[in-house]
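So the structure is just underneath, and the comments pick up after that.
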Amino acid sequence: MDFSKLNGKIFFQNKFIDSRKAKVHVLNHSLHFASSIFEGIGVYNNKPLFLGEHIDRLFLSADLMRLKVNYPKKKIIEICNKLVRINKIDNGYIRPLIFRSSHSMSPETKNCKSLIAIASWKWGKLFNKSSLSLNISKYPKLNENIYPTQAKSSGSYQISVLERSKIEKTKFDDCLMLDLNKNVAETSACNIFWIKNNIVYTPKKHSILNGVTRRCIIELCLKNKINLKINDYKLKHIMNADSVFMTGTAAEIQVVKNIEKTKYETKSQIIDFLKNKYEILKKQCPYYIKEIRT
Ligand code: PMP
């Protein structure tokens, strides 16, 4: 799909305008220096899921990347809800983006204004496959000491984009990235979990994006007394797993069938249980993870 031909409205420059008219100049700072941040929010039955968590993370990302947000949280939430209504998004996605204007063609930002655009579109799940095949990325994920990894910033996606473009014509669907110490980190746009002997494992958050879906799965494990361990794990640990799954707003809970030559069980009672719970949440659409009752 060519997103520049999207129908409906985009909120840009303080108003809801025709999506096709929401344009920026080629000499835009963020296009050259990836100086932008964004969010991705799932919409189910006309309601955004975990909207509060996503807007909080949008503000955290802006703060970490020194971008001003021109509206208070309440107003951004109002705009997101209005977009769902006017674009008639029953099931889809909301994409707020904060970026710098065209007032500098060097990393310097002094004269740049901070701009915000919020789009929404109808969307299904990210992967149209029941299980995925992963390779291992050549480049590692950075950690919090050398990059603000907790920001959902455009800059942090360079390795993801590079690795995804590399596997386009191969049998792999996505890539697993390790951190600088060769611990398991995450995939190009999802967090990763694995199960061994009924224990669920996932990496600590120093070298990953702390996904809203990841936090939701952690909460579901805690609430339902599923044994969960969060730590630093070497590649050997995940290679030895019974089952592997990825989580993300657009991917939801996605089963992995192999990492390179290592194969996994694609049927898992724990994964099925978590998927069922997630389906319930998609109907309830809580605002914050702390509101999960299932
Ligand atoms: N890691 C990366 C690199 C991502 O792009 C995403 C998608 N936002 C995730 C993890 C999952 O985050 P969330 O569950 O908040 O969508």
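The values are calculated or read from the model by the stated rules, or taken from the named source; none is laboratory data. If you're wondering where the values come from, they're calculated on a predicted model, not measured in any experiment. Methodologically, a virtual Cβ is constructed for each residue, glycine included, from the backbone with ideal geometry; neighbour enumeration extends over all protein chains shown.
Tallying residues that are more than 10 Å from the ligand (Cβ to nearest atom), hydrophobic (A, V, I, L, M, F, W, C) and over 21 Å from LEU220 (Cα atoms) within segment 176-208 yields 4. Just to be sure, is ILE238 of a type in the set (A, V, I, L, M), surrounded by fewer than 21 Cβ atoms within 10 Å (Cβ to Cβ) and in contact with a strand residue (DSSP E or B) (Cβ under 8 Å, 6 or more places away or on another chain)? Answer is no for this residue. Could you go through segment 30-44 and let me know if any residue there is surrounded by fewer than 21 Cβ atoms within 10 Å (Cβ to Cβ), within 16 Å of the ligand (Cβ to nearest atom) and assigned to a loop (DSSP other than H, G, I, E, B). Checking segment 30-44: at least one residue is surrounded by fewer than 21 Cβ atoms within 10 Å (Cβ to Cβ), within 16 Å of the ligand (Cβ to nearest atom) and assigned to a loop (DSSP other than H, G, I, E, B).
Scan segment 142-190 residue by residue and report those that are closer than 19 Å to LYS257 by Cβ, in contact (Cβ under 8 Å) with a residue 40 or more places away in the chain and among the aliphatic types (A, V, I, L, M). Matches in segment 142-190: LEU176, MET177, VAL184, ALA189. In the set PHE99, PHE50, PHE12, only one residue is touching a helix residue (DSSP H, G or I) at 6+ places or on another chain (Cβ under 6 Å), farther than 24 Å from VAL161 by Cα and of a type in the set (Phe, Trp, Tyr); that residue is PHE50.
A quick yes/no check of all residues on (1) touching a Leu at 6+ places or on another chain (Cβ under 6 Å); (2) assigned to a loop (DSSP other than H, G, I, E, B); (3) assigned by TED's automatic domain parsing to the domain that holds ALA251; (4) within 16 Å of the ligand (Cβ to nearest atom):
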residue	(1), (2), (3), (4)
HIS25	no, yes, no, no
GLY52	no, no, no, yes
ILE55	no, no, no, yes
LEU60	no, no, no, yes
LYS68	no, yes, no, no
LEU83	no, no, no, no
LYS88	no, yes, no, no
PRO107	no, yes, no, no
CYS112	no, yes, no, no
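Within segment 256-270, the set of residues being crowded, with 16+ Cβ neighbours inside 10 Å, away from the ligand (no atom under 16 Å from the Cβ) and within 25 Å of TYR44 (Cβ to Cβ) comprises THR266, SER268, ILE270.
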